[in-house]
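Here's the structure we're looking at; comments come further down.
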Amino acid sequence: MKKQILAAIVISVFAVACTKSTTKTEQVENADGTVTTTTTTVSETSPHIVDSAKVNEAKEKVDAKLDQAGNKIDNAAQNAKDKIDATADKTKQDLDKVGKDIKTGAQEAGKDAKDAARKGAAKVEDAAKKLKEDLSK
């Protein structure tokens, strides 16, 4: 679609460039002594001025440049996609590591809580034994 539009523009430019304009100016002296100036512009387009070989050559050059531009755009898009994919992979790996670290930390916190509860329960039992002994005396 781009190629067709660009080709139409190129042909239009050639057609405009091949338009021949002629301007004629006439001055007429009236009976009362005043002068009237008339300007006439005539545009002529000669079909023999447009060289189809040059138009085809220009069209081919435009097509080649469009192909180059399209390839550059495709390459830039592929490079951007590759960078995004690499970043996504690294982010996933980092998140997996963080998740493992959180899991390990939670397990350690659970163990610490169990140890603290066990020690607290042992102290309560010791205190209960001492209280029982004191009450027995």
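No lab work stands behind these numbers, since they all come straight from the coordinates. The model shown is predicted, which means the values in this text are computed figures rather than measured ones. Glycine gets a Cβ as well: all are built from the backbone with ideal geometry, and neighbour counts include every protein chain shown.
Counting Lys and Arg as +1 and Asp and Glu as -1, what is the net charge of the other residues whose Cβ lies under 9 Å from the Cβ of Thr36? Can you show the working numbers first?
Numbers: positive: none; negative: Glu26, Glu29.
Its environment carries a net charge of -2.
Between Val62 and Ala109, what length comes free when the chain is fully extended (0.36 nm per residue of separation minus the Cα-Cα distance, one decimal in nm)? Walk me through the intermediate numbers first.
Details: separation 47, 0.36 × 47 = 16.92 nm, distance 6.93 nm.
Separation in residues times 0.36 nm, less the Cα-Cα distance, equals 10.0 nm.
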